[in-house]
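The values are calculated or read from the model by the stated rules, or taken from the named source; none is laboratory data. None of these values were measured; they are calculated from a predicted model. We place every Cβ from the backbone using ideal geometry, glycine too, and count neighbours over all the protein chains shown. Areas reflect the complete protein model, heavy atoms only, side chains present, ligands, DNA and RNA absent. Shrake-Rupley method; radii C 1.70, N 1.55, O 1.52, S 1.80 Å.
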Amino acid sequence: MSASTIPPGFWGNLSPLQETRLQQLWTLLLHLAEASSLGALEQFVRVNSLDQTSSPPLTPSTSRRNSLFSRAESTLGRKNSTSSVSVYHTRLLQTFRDVGLSASQVRDVRRFLSVMSPEDVRFGVLTAAKHEHLDVYLLRYLRTSKWDVNKSLVHLLNSIVWRLKEMHVDNVLLPRGELYAAQNEHNLANPYKADEAGGFLKQLRIGKGFVHGLDRMNRPIAIVRMRLHRPGEQSEESLNQFITHLVESARLLVSPPVETATVLFDMTGFSLANMEYAPVKFIIRCFETYYPECLGVLLIHNAPRVFGGVWKIIKPWMDPRIVARVKFTRTVADLEHYIDRDQIMAELGGDEDWEYDYIEPDPEENKAMADYAARDALLAERQSLGEDFLAATSRWVTAARAGSPTDLEEAIARREELLEHIRVNYWDLDPYVRARNNLDRTGVIQDGGWIDMYPQPRPPPPVQIQTAKVLQVEHVRRAQVKIVNV
């Protein structure tokens, strides 16, 4: 995709000012994540005002111990040095005031720092981005904040706190996944856990929401069947977990140069008995706060007349930028403006002969997650790549500010090389940190991060051949035992 076909403000088509904003956001983020580099930022603020029109130098320490994604210093160790952390926070907050953060923004940063260490910031950025280009990830926050660097920083920190401390996306929800729910839905010792697991799984089994196919812009499509929702059948926690699970599944299918997904709310058969406002509010928070700029278009299909009153209530809750992406469709011809007819499933009036099918988790499908040695080796590799990326980012900003074309070209090339290694590393790491889901079991997500949005149905295993092999192995085993006995 050429720069002429990439929308302005997206990676690959940034104006000089937008690139400056990106460098400024990296600067604030890196200094926030590195206590050892605070003095450098303070020194810069004294010499040059960090305004929104110039690109500041980026000179954080790139030592292995204090690098961006290193978690060598434990959170426990920091808790044992409360006074030094308090001094660090005080100095950092004052520096952010000098940078130009408003009083409310400084209060927000103080609140985030009260529950999040610099290690959490380092861990949170790289983990949340997963296989995504790190500049692409940061640009989401800049665009949604209308290129206000300070607002972008606060928004990003808010998202990280939610992932790490509230929803526990990367350390609980994704590692446990569908198999954990299946193992606990009949947990007689803990009825509450059983109810949560059962509520989560039921939504998957009936196909309340799932990801299938691509639209005309090659964006993955998340389909939500509103008629299948029954208020009160699941707890709010189960609903939010299910929604997050669906969004994270769709994110895995987004491949460059595509950066967004399509969401299709199928309103066929909808009535007010299906309406519940709490999950709607959570979905809006996902679009606007937790996963900004991940929504390409939101299709509300075949909505009955009664939905008009519901829409009047919901619309004011939404940011105008999100409202602009909402499109109402009624017929399959309307859907064809966004999705090819042969890729619209027959249920919606299209020509694709496909039906949702949930495959139950295999008890052995997450066995790689028990291989802690392999996991830790890949995490160490990811940490090292992150450190190298930080050093390259420092050189990139410095070269851009110094106006050195050769150094800038080398720094850009080095960053892109490292980002590709980080992407590949994620998919190598993925089986060790993310439980398999239905997209893995149906062959959409394949080993190494290969995505096949329209996989062929897998044939049933050749039972007779397998039986013959088992008999052959058993015959050999018995022969070996007989020889030993002799």
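The set of residues in the stretch 295-317 being surrounded by 19 or more Cβ atoms within 10 Å (Cβ to Cβ) and not in a strand (DSSP E or B) consists of N302, A303, F307.
Per-residue answers, yes or no, for (1) in a helix (DSSP H, G or I); (2) within 26 Å of the chain's Cα centre (by Cα):
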| position | (1), (2) |
| --- | --- |
| E355 | no, no |
| P363 | no, yes |
| A377 | yes, yes |
| R382 | yes, yes |
| L385 | yes, yes |
| D388 | yes, yes |
| A391 | yes, yes |
| A400 | yes, no |
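Selection of the stretch 434-452 for residues being in a loop (DSSP other than H, G, I, E, B) and either among the hydroxyl-bearing types (S, T, Y) or open to solvent by 50 Å² or more (accessible area, probe 1.4 Å) (or both) yields T442, Q446, W450, D452.
For the stretch 264-278, indicate whether the set of residues that are open to solvent by less than 20 Å² (accessible area, probe 1.4 Å), assigned to a strand (DSSP E or B) and more than 22 Å from R176 (Cα to Cα) is non-empty. Yes, the stretch 264-278 has at least one match.
The set of residues in the stretch 233-262 that are assigned to a strand (DSSP E or B) and touching a Pro at 6+ places or on another chain (Cβ under 6 Å) contains only A261. Selection of the stretch 218-232 for residues being open to solvent by 20 Å² or more (accessible area, probe 1.4 Å) and assigned to a strand (DSSP E or B) yields V224, R225.
Kindly evaluate L214 against the criterion of being hydrophobic (A, V, I, L, M, F, W, C) and either touching a residue at least 12 places away in the same chain (Cβ under 8 Å) or crowded, with 21+ Cβ neighbours inside 10 Å (or both). For L214, the condition - hydrophobic (A, V, I, L, M, F, W, C) and either touching a residue at least 12 places away in the same chain (Cβ under 8 Å) or crowded, with 21+ Cβ neighbours inside 10 Å (or both) - is met. Yes or no: the stretch 400-413 includes at least one residue that is buried (at least 18 other Cβ atoms within 10 Å of the Cβ), modelled with pLDDT under 95 and under 21 Å from V121 (Cα atoms). The answer is no, given that none of the residues of the stretch 400-413 is buried (at least 18 other Cβ atoms within 10 Å of the Cβ), modelled with pLDDT under 95 and under 21 Å from V121 (Cα atoms). Applying a threshold of 7 Å to beta carbon distances and a minimum spacing of six or more residues, or different chains, the list of pairs starting in the stretch 91-113 at a residue that is in contact (Cβ under 8 Å) with a residue 40 or more places away in the chain and within 15 Å of D148 (Cβ to Cβ) and ending at one that is surrounded by 15 or more Cβ atoms within 10 Å (Cβ to Cβ) and not hydrophobic (A, V, I, L, M, F, W, C) reads G100/N150; L101/N150; Q105/N150.
To keep it simple, each residue is scored yes or no on (1) open to solvent by less than 40 Å² (accessible area, probe 1.4 Å); (2) modelled with pLDDT of 85 or more; (3) assigned to a helix (DSSP H, G or I); (4) out of contact with any Leu (no Cβ under 9 Å at 6 or more places or on another chain).
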| position | (1), (2), (3), (4) |
| --- | --- |
| P60 | yes, no, no, no |
| L76 | no, no, yes, yes |
| Q94 | no, no, yes, yes |
| V121 | yes, no, yes, no |
| L126 | yes, yes, yes, no |
| D135 | yes, yes, yes, no |
